[in-house]
Structure formats: C-alpha cells, structure tokens
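Trainee: Mind looking over this structure? Questions follow.
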Amino acid sequence: MRGDADAHREGHRPALDRPVPVSTYRLQLRAEFGFDDAAAVVDHLDALGAGHAYLSPILAPTPGSAHGYDVVDHSRLHPDAGGRPAFDRLVDALHATGMGAVADLVPNHMAVPTPAHLNEALWSMLRDGPDSPFAPWFDVDWDVADHALLMPVLGRRIGQVLGDGELTLDLGEEHTEPLLRYYDHVFPVRPGTESLPVAELVDRQWYRLAHWRVADEELNYRRFFDVDTLAAVRVEDPDVFDATHALLLELIETGRLDGLRIDHPDGLADPRGYVRRLSERTRGSWVVVEKILEGDEELPDDWPCAGTTGYEALLRVGGLFVDPAGEAPLSALWRELTTEDGAPDPGFPAVVETAKREMVTRGLYAEVHRLTDLLVEICHSDVRLRDHTRRALGECVVELLVAFDRYRAYVVPGEPAPPAEAAVLDHAAGLARTHLPEDRWETLDVVRELLLGREAGSAGRTSEATRAELVVRFQQTCGPVMAKGVEDTSFYRWHRLVALNEVGGDPTRFGIPTDEFHSWCARQVQQRPTAMTTLSTHDTKRSEDVRARLSVLAEVPQDWTEALATWRDLAAGHRSPLLDAATEYLVWQTLVGTWSTGGAAMAGPIASDRLLAYLEKAVKEAKTHTTWTEPDSAYEQALQDFATGVLGDDAVLAAVGAFCERVAPAARVAVLGQKLVQLTMPGVPDVYQGTEMVDLSLVDPDNRRPVDYGLRRARLARLDAGARPDDLDDEKLLVTSRALRLRREHPQWFVGEDTTYTPLPTSTAHAVAFSRGDGSGPEVVTLATRLASTLARYGGWGASTVALPDGAWHDVLSGQAAAGGTVALSVLLDDLPVALLVRD
C-alpha cells in the first residue's frame, strides 16, 4: 500500500515545509533530570539513531513535580529543569547533531497547587472571583448557592476547623496582601473583608473552604478526571488559547520545537476546533494527540493532525505475540481461582459495568449532578418537556455514561451530529434502555436527542446556550468515566492475562492475526502515515518487555497452570485468609513479568520496595478491598506479608526462577519481534527512555526511575565495534539502533511522501513479514518470529518460507545475505528470531 498524497490536503501530514520526525525518544524531565541532563545524553540518542528528542511537559509545573502535567505558569519553561537557558542549551546540542525536539503540551488543565499562590491565575480568581481577569480561564459554575469556588482542602468539616482555630488570618508586614492560612495551604483574602471575624471572613470569600470529602459531591469546577488538584482550562476561548500557548508557539515558530504531543484532548470542549486552531497557528507542524481509540473507532477525519500517540498500534503489535489458543485454558484458570463453587466468571464487560457505575454514583457524582441540573433546567424551561422529572433525568444520565463504550463522541453544538457519532450515542441508549424501567424510556429518548443537539420539545430551541453546554459537558464527562472505570479500576480487578490490561488495550482480545495487522497498517500508511507508534509510555501499566514476557503464558497455559499450583502450595505459609485469590494471582503474574533472567540486571525477582509499591497502588486502584481514601490496613498488611514472604522464600523463588528460565527463549522472541515491528511499521516510532535495552518497569512512578545511560553507551559502542550480542539486552539494543539508524538514513522509506507498506507472504503463521519503501519499490524487509513456544512444539521452521521481493538483500542485524524469491525461514532466522533486510 502506498502513502496517500491527499493526506496533505486533509491535514493528516505536516505541511510540506514543516519537519517530520522520523523517530522520537521520550525523555522524562524533572528536577533530577533537567534540560542540561538531557543535553548530556544527546550523544547517546544520536548514536542510537533517534531523530527527535520527545520531551515531557516543558512549561513550569508545581515545584518538585515528578511528571510536569501540573502546569502553574504557561509563560515560563520548567524552572526545576533549568529554565529557558538550559532548554536552549539542550536544543543547541540536538541541532548540532541534526536532531530536533518535540514536546508534550497540556491544554486541558492547570495545577491547584499548595500553596495556591504558585498559580498566579488561580490566585487572582480566588481573590477576585468572577471579576478576575483570569476567571474566563477556568470552567467554574459560579451559580451555586454561595457563589464561591469550592476548595476541598480541609482535613475535617469546616465547623470543626473553625472551632479549633485552625484557620488564621496573617496580616504580616512581609506580605503584600492579607492571607488566610490552613497549615500548608495559603489563600488570598477578598479585599474589604480582612477586618471581619474569622468565621464571617471565611464565609465572604470567593472560595468555599470545605472538607476534602465534599469534592466528589459538590465540586463546581471542571477537573482532570477525579483529580481535584488539576483544574480544567477553557482553551476554547481564543484569548485563553493565546495566553496559554504563546511560549510554545514561539518555540515552534523559531524552530526550537518541531512538533507537539497533545495531552488528553478529549477533555476539551471542542477538540476539533482546538486541533484546527493549533494547526493554523503552528503552520501545519507535526502534531499527535493522546487519544485512546476503542474497538473499530478511528480518529475523526476532520482533525488536522498527524494522528494519535499510538495506543492502537501498541494493541496490534502486542497482539501479534499473544497466542489465541491460550484464551480458553487461561479463562478456565482464572475462573477456578476467583469464583466459588463453580460459579461462572462474570466476564470483563460486567466488571467494567460495575466499576463505571461506582464511578458515576460516587467519585464523579458532582459531574453527573451538573449534567442533571442542566437537563432539569432545559426541561423546566420548555413546557413540552416539563414532566420529565429530576430523578428520571438523573437515572438516564447515569445509564448512558455507564453504557458509553468509548471516551467520548464528537458532537459540535450547532452542527448536525455526524452519523457515526449519532450511532455511538444510539448504541449507548440501546444498552441504557435495558437497565431502565419502561416508564423511563421516553425520558431517555429526550435525553438522547438533546445530547445529539437535535430538536426536542418545542420547535426552534436547539441553539439555546444551556442545550449547547449539555452537549459539551456530557462528552467531557464520558472520558473520566471510561478512564476511572476501565483503566484505573477494572484493569486491576480482572486480569486473566494481565499483559492485555493495557492503556488502549482490550483484555478480552487474545491475539491479533497477521492479516488483521497488515490491514490496519495498510490503512495507516494511506490515512495517517506519520502518526506516532509506541510500545511503552509514561502511562502504560507495565513496560513493553514485561508485557512480552507475560504474553508467553498464553503459549504455555498448561505449564503455567501447573507451575502456579506448585508455587501456591509452597507459599501457603505466607498466605493470610484475608488475601483474595485474584490479588494473589496478580502477584504471581507480576513476579514472572518482572523477573530478570540476566543481562544488565542480576538474575532474580524484582526488588521488594518496587513490588510492594506497585501492589499497594494496584489494590487501591481496584477499590475492592482497600482504597486511597478508605484504606484497610489489615488487608494491606496481609498482602505485604505475602509478597515479602514470597520474596524471602528460597524454595518459592527457585521454583519461579526455573519457570522463568524455561520460558525465557520464547520471551526473547516476543521482546525482539514486537520491537522491530514497531520500529519499522507505518508511523513515527517512539522509544520510551531506557527501553532500547530490556526494561522491566511497572506503572508510574516505577517507569520514571533513572536510566543508566553510561551502560547503554558502553554496550552500544561495543556492538558498533563489531562484537556479537552477549545477551538479550544487547540484542534489543542492536535491533533498536539498527532500525532507528536505517530510518534516519532513509526517511523516505518510512515517512516520505510516497512511502509504501506491503505484506509479504509466508508459509507459516509463526512469522510476520512486510516491506517498506517508496515509489521505486521495496527497499527494506521486516521479518519477525511469533509464538515461539508453539513453533517449537511443531518442530521448528522445517520447510517454512518467506517470499522476498526481487533483488539482493542483506540483514543489517546478522550480516546474512539473501536473494529475492522464496527463502527458507530457518536460514534467515538462524542467528536471531528477527531480521531487518535491506536491498543491496
């Protein structure tokens, strides 16, 4: 398949005069690894073959931020990372090697920091309320009873806090204005109220200090998911867009940045309008959006951007290395472990439904309440709709949010709903109807029509502001329900094969056939040829190599079942009656996925502190036995005792280690295969920091640990000097560096105007092969082994072949030469389980 030149006219490729990254390398910036530290590793990125450094958010975050997504000042570059001078040194170092920089941009929200004055825009609004020049920045409902912004920061109810004198007025001469203090929290005082008694003063502010538990029920500002400390920003306002984007647009215009990654555009009021404005203001620069596509969902055609950040690619590449034959036995094992008396497993969809229902009735109640208020206002103001009650409207909102199967629909107020988006809402309404009594169906139909911006009730009222707000807010609420209900709850509750429980993934899909993978790639090279692809990100639940190791369990389900039974028997003395089987099963899978079999790390299990931190997060996110807000110390101690007991038990570790060594050859095949496929398939591949070698990281903050670049430099230099790989770390470094260098030397084959992608026929399902090139024909061939354990049981490659395009070829990984035509896989894949062939 050939790249589509019309992609330029559609805005799916950068403008002809704008740089197109051929690959990126993600760097996580923080105080401990700032711009100068990044500049110090540019030599390694250059040697590796990376085209662009891909920087985590570079604007000023809350001091001490570990991630940078909590921006407090859009006018400054990250001061803890060195500020503008250090940033310029980094870019100069990149440009000196011919590389460039792209950066993460956070348009959806700003931090609500402690103390609040760190965010000057927020501070101004807290002091002056809706009269503040920054009030239009934030999505606040000032029409609440007390006309105040809820600040849920108190450890107890306000009456108790006032009664014990915990709120104090500070009129110190060192301040330019009076301050209200609550421990580490500091707030401005509304002018003219500083002389009032404390209780009356507190009541007269433009903010309402409240117990932290009040937030989920009465919060009146839009936030990022359920995070009260991240307040949403109204970038749909052109003035707000200009103010919050001025510095980054300047960096684009002056060539200091070549592109942008957009964080969570689904949270915006008008994602399409935002992307269009950004494309116009950056003159068609390379922009990718963090968008999770569910099922057969595609990025809207009318978004002028290169594409997504690549979670759909992650799903498909990883799926190539999962054996669908493992689904039935692993499902049986999960059912045996987690259900009683032969009861059926409820299945992942039922787990999701339960979790989403919990989210909309508890953690996101304030958002649901706001939607219900809007519906009540709309219906009450229209005599034809007045008999639809608050209770009925609220029930319909809940059921629609629970039934919605993606992060949002894209309906723009004032425009007819696109048929595809209407179908999404109709599908959700159909599911919602099955959970509502018949006397609610008419109300549900009204709500659906209102959410689609259609005429409901009296004629001619579709353009009312309240109706437009309802359309937008419902879509903005779908994302948090999906993220919190699926990614951050259900993924931690239901894990028959936890490798599948990944951001953008689908735990119910065991494997991706090669034909399906090829079809998806063909569409990408035509529609979004310069979208990003990825295997690991700062948000993935576990690294690509952990997932690759765990995917092998689907190839050896019987061995896994027997090994697990042995381990459980050996560990019986460490198991408390409080520990549930589902969580214990997660412990064993995590232990196998992170078990080092040598290389750069000592062979053996994950460090205790890392495992315990991960398990604490996992069970609190699951919210089944303990939560962040209501911890069960006895349960958590039982889990900790079990994990530390296992890690300290030589017999258990010996058994686990023996199993990990047995599956290591198959894991090696998956590790190398998925990496080579990702680096050469259609799109712009990102290499997450450190993953050029085997990286056995878990969810953040584990995946933000320091990277040993000295080790990587030394290993790469040794390979470049002609040494053969010593271990899997070396092999992955070889694959990564050779593929990245090939891309940089021949960008036209991978991201050029007439780049091509052609599936190559093989005589076995255990190999995936494709060519890349340009209008002159195929120039490079990717060949990867898949499902190695199953292949070994069949006796190896035997007479299996691949059909190479005409010409003479050589493998840049092994040096192996080959002629075009039918070639034995046993010859091409004798040294490594992958090959990267280039036309001589």
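Trainee: Working carefully through the options 581, 554, find the one that is farther than 22 Å from residue 288 by Cα, small (Gly, Ala, Ser), open to solvent by 10 Å² or more (accessible area, probe 1.4 Å) and more than 22 Å from the chain's Cα centre (by Cα). Outline the logic, then answer.
Mentor: Working: 554 fails: open to solvent by 10 Å² or more (accessible area, probe 1.4 Å).
Checking each option against the conditions leaves just 581.
Trainee: Taking the conditions exactly as written (open to solvent by 10 Å² or more (accessible area, probe 1.4 Å), among the aliphatic types (A, V, I, L, M), out of contact with any helix residue (DSSP H, G or I) (no Cβ under 9 Å at 6 or more places or on another chain) and within 24 Å of residue 135 (Cβ to Cβ)), does residue 219 satisfy them or not?
Mentor: Working: open to solvent by 10 Å² or more (accessible area, probe 1.4 Å): yes; among the aliphatic types (A, V, I, L, M): yes; out of contact with any helix residue (DSSP H, G or I) (no Cβ under 9 Å at 6 or more places or on another chain): no; within 24 Å of residue 135 (Cβ to Cβ): yes.
Answer is no for this residue.
Trainee: How many residues, within the stretch 824-840, are surrounded by fewer than 18 Cβ atoms within 10 Å (Cβ to Cβ) and closer than 19 Å to residue 764 by Cβ?
Mentor: Result for the stretch 824-840: 5.
Trainee: Determine whether residue 420 is small (Gly, Ala, Ser) and without any contact (Cβ under 8 Å) to a residue 12 or more places away in the chain.
Mentor: Yes, satisfied.
Trainee: Continuing with the same structure: Listed residues 806, 774, 811, 840; which is modelled with pLDDT under 95 and of a type in the set (Asp, Glu)? Explain how you work it out, then say what you get.
Mentor: Numbers: 806 fails: modelled with pLDDT under 95; 774 fails: modelled with pLDDT under 95; 811 fails: modelled with pLDDT under 95.
Step by step, each of 806, 774, 811, 840 is checked, and only 840 is modelled with pLDDT under 95 and of a type in the set (Asp, Glu).
Trainee: Only one of 408, 473 is open to solvent by less than 40 Å² (accessible area, probe 1.4 Å), within 29 Å of the chain's Cα centre (by Cα), closer than 22 Å to residue 223 by Cβ and modelled with pLDDT of 95 or more; which?
Mentor: 408
Trainee: Restricting the stretch 87-115 to residues that are small (Gly, Ala, Ser) and over 28 Å from the mean Cα position of the chain (by Cα), which is nearest to residue 27 (Cα to Cα)? Break it down into steps so the answer makes sense when it comes.
Mentor: Narrowing the stretch 87-115 to residues small (Gly, Ala, Ser): 93, 96, 98, 100-101, 103, 111.
Filter once more, so that each one left must be over 28 Å from the mean Cα position of the chain (by Cα): 93, 96, 98.
Details: 93: 15, 96: 18, 98: 18 Å.
The residue in question is 93.
Trainee: Go through (1) modelled with pLDDT of 95 or more; (2) more than 18 Å from residue 677 (Cα to Cα) for residue 784 and report which single condition fails.
Mentor: (2)
Trainee: Among the candidates 345, 323, single out the residue that is of a type in the set (D, E, K, R), touching a Phe, Trp or Tyr at 6+ places or on another chain (Cβ under 7 Å) and open to solvent by less than 50 Å² (accessible area, probe 1.4 Å).
Mentor: Residue meeting the stated conditions: 345.
Trainee: Considering only residues that are within 30 Å of residue 141 (Cβ to Cβ) and of a type in the set (Ser, Thr, Tyr), look in the stretch 77-131 and name the one that is surrounded by the fewest Cβ atoms within 10 Å (Cβ to Cβ).
Mentor: Taking the stretch 77-131 first, the residues within 30 Å of residue 141 (Cβ to Cβ) are 104-131.
Next, from what is left, pick out any that are of a type in the set (Ser, Thr, Tyr): 114, 124.
Working: 114: 15, 124: 18.
The qualifying residue surrounded by the fewest Cβ atoms within 10 Å (Cβ to Cβ) is 114.
Trainee: Suppose we filter 808, 817 for residues that are in contact with a strand residue (DSSP E or B) (Cβ under 8 Å, 6 or more places away or on another chain), open to solvent by 20 Å² or more (accessible area, probe 1.4 Å) and touching a residue at least 24 places away in the same chain (Cβ under 8 Å); which single one remains? Give the steps one after another, and end with the answer.
Mentor: Working: 817 fails: touching a residue at least 24 places away in the same chain (Cβ under 8 Å).
Just one listed residue meets the conditions, 808.
Trainee: I'd like to check something: does the stretch 261-273 contain any residue that is open to solvent by 40 Å² or more (accessible area, probe 1.4 Å), modelled with pLDDT of 95 or more and more than 30 Å from residue 184 (Cβ to Cβ)?
Mentor: The answer is yes, given that some residue of the stretch 261-273 is open to solvent by 40 Å² or more (accessible area, probe 1.4 Å), modelled with pLDDT of 95 or more and more than 30 Å from residue 184 (Cβ to Cβ).
Trainee: If you check residue 330 against the conditions, is it open to solvent by less than 10 Å² (accessible area, probe 1.4 Å) and either touching a residue at least 24 places away in the same chain (Cβ under 8 Å) or over 30 Å from residue 395 (Cα atoms) (or both)?
Mentor: Spelling it out, residue 330 is indeed open to solvent by less than 10 Å² (accessible area, probe 1.4 Å) and either touching a residue at least 24 places away in the same chain (Cβ under 8 Å) or over 30 Å from residue 395 (Cα atoms) (or both).
Trainee: To continue, here is another question. Scan the stretch 223-242 residue by residue and report those that are over 30 Å from residue 194 (Cβ atoms) and open to solvent by 30 Å² or more (accessible area, probe 1.4 Å).
Mentor: Hits for the stretch 223-242 are 224, 225, 226, 227, 234, 236, 237, 238, 239, 242.
Trainee: Name the helices (runs of 4 or more DSSP H) wholly inside the stretch 569-667 in which the number of residues that are farther than 23 Å from residue 488 by Cα, touching a residue at least 12 places away in the same chain (Cβ under 8 Å) and of a type outside the set (Val, Ile, Thr) is 2 or more.
Mentor: Qualifying helices (runs of 4 or more DSSP H): 633-647.
Trainee: Looking at residue 522, is it farther than 23 Å from residue 264 by Cβ and surrounded by fewer than 20 Cβ atoms within 10 Å (Cβ to Cβ)? Walk me through it before giving the result.
Mentor: Details: farther than 23 Å from residue 264 by Cβ: yes; surrounded by fewer than 20 Cβ atoms within 10 Å (Cβ to Cβ): yes.
Judged against the criteria, residue 522 is a match.
Trainee: Oh, and also: Do we find that residue 790 is open to solvent by less than 20 Å² (accessible area, probe 1.4 Å), within 16 Å of residue 321 (Cα to Cα) and either out of contact with any strand residue (DSSP E or B) (no Cβ under 6 Å at 6 or more places or on another chain) or among the charged types (D, E, K, R) (or both) in this structure?
Mentor: yes
Trainee: Name every residue in the stretch 434-467 that is touching a Leu at 6+ places or on another chain (Cβ under 7 Å), modelled with pLDDT of 95 or more and either under 27 Å from residue 300 (Cβ atoms) or open to solvent by 80 Å² or more (accessible area, probe 1.4 Å) (or both), in order of residue number.
Mentor: 444, 446, 447, 448, 450, 451, 452, 466, 467
The values are calculated or read from the model by the stated rules, or taken from the named source; none is laboratory data. What you see is a predicted model; the values in this text were computed from it and never measured. Using ideal geometry, Cβ is built from the backbone for each residue, glycine included, and neighbour counts are taken over all protein chains shown. Side chains are part of the model used for accessible areas, which takes the heavy atoms of the whole protein and leaves out ligands, DNA and RNA. Shrake-Rupley method; radii C 1.70, N 1.55, O 1.52, S 1.80 Å.
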